[in-house]
Structures are given as C-alpha cells and as structure tokens.
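The values are calculated or read from the model by the stated rules, or taken from the named source; none is laboratory data. Values in this document were obtained by computation on a predicted structure and should not be read as measured data. Cβ coordinates were reconstructed from backbone atoms using ideal geometry, including for glycine residues, and neighbour counts include every protein chain displayed. The area values use the complete protein model at the heavy-atom level, side chains included, leaving out ligands, DNA and RNA. Shrake-Rupley method; radii C 1.70, N 1.55, O 1.52, S 1.80 Å.
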Amino acid sequence: MDRDILTAADTALPAQIDGLFALVVEDDAAVRNLATAILEETDLDVIACDSAEAAIGVLERKGMNVALLFADVRLGGPMDGIALARTVERRWPDVRMVLTSGYDERSTGRLPEQVVYMQKPWRALDVLVEAGHASAAAGAAAA
C-alpha cells in the first residue's frame, strides 16, 4: 500500500483521505523519518509534519480522520508538543496522543492527562502498540 508522507513545505494532502491516519510531528528529520517508517508498518496512513502549526493545519482539513498524534515535546516554532496536545485534546478529543522527548517531561506536570508519554529513545514495538490502540479505538468509535 502506498503511504502519504507530507511535511510543512507540502501544500497538498493525499488525494485519498478516507481511512485512518497517524500524524507524526517532529522537527528533527531523522527522527521524523524513523517514526514515519515504523508507523508505515501499521494499517494507518502516515502524514509527517515538521511543526505543530503544520499539524493543526492537517487536523483542520475537512474529512481527515486522524487516529494517532505522535509528537515530540520540543518543537521548533511558537507551539511546542505540549501546547499541540492541549489543542488536540480540546478540539479533537478522540485522537490518541503520544508525546516523546529525550528529557523526562513527566516530572514537570505539564503533560495533558490523556497523553501517553514515551521517553526517547523509544522502542519500535512501543510505537506499534500505541498505533494499534489508536486504530482499535477509532474503529470502535466509528462502529
């Protein structure tokens, strides 16, 4: 199956927008590509963004069915991953959210309650498990 991968520089979304998506938000291209490659092994189509602002633009597109937000806490730009997660929690409450960081963000008390936190370096299996949970939850919500 062909996967659609976009960055903030892209202006077009995939021609086919039915189905479930994983939205990867990471400003480090190598880490973004790794997360995207792992998530491509699931039944989710993947859209990759390099900023929180680009991710919100994707979420706001009519017809997008994002099941999983997989984002770094520390992003370039005015909005970090925690602010992105709070926005998603408020506007798209059915999206499963995973935040990652190389720093221990759990002790700061800033993580939204609905967020799953993964310390970097994360294991591919853990990413795949979260994608499975997101797919199952989105499927149950659609039924």
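Taking the inverse of the mean 1/r over every pair of distinct Cα atoms in the stretch 37-79 gives a Kirkwood hydrodynamic radius of 11.6 Å. Modelled spin labels at D43 and V129, positioned 7 Å past Cα toward Cβ, are 2.0 nm from each other.
Solvent-accessible area of D27, all protein chains in place: 70 Å² (probe radius 1.4 Å, heavy atoms, ligands and nucleic acids excluded).
For the chain, the share of DSSP beta bridges that are antiparallel, to the nearest 5, is 0%.
Helix-only estimate, please: 222 nm mean residue ellipticity of the chain, summing -39500 (n - 2.57) across DSSP H runs of length 4 or more and dividing by its residues, to the nearest 500.
Numbers: 4 runs with 49 residues, N = 143.
Calculated mean residue ellipticity at 222 nm is -10500 deg cm²/dmol.
In a fully extended conformation the segment linking A142 and D18 would gain 43.4 nm over its present Cα-Cα distance, using 0.36 nm per residue.
Annotation: amide H of N65 within the under-5 Å range of F21, sequence separation 5 or more or interchain, hydrogens built in the peptide plane.
Applying both filters, DSSP loop and at most 12 other Cβ atoms within 10 Å, to the trypsin sites (Lys or Arg not before Pro) of the stretch 34-78 gives R61, K62.
The equivalent ellipsoid of the chain has semi-axes of 20, 17, 16 Å, largest first, where each one is the square root of 5 times an eigenvalue of the Cα gyration tensor. Could you work out what % of the accessible surface of the chain is carbon and sulfur, using a 1.4 angstrom probe and leaving DNA, RNA and ligands out of the count? The C+S portion of the solvent-accessible surface of the chain is 51 percent.
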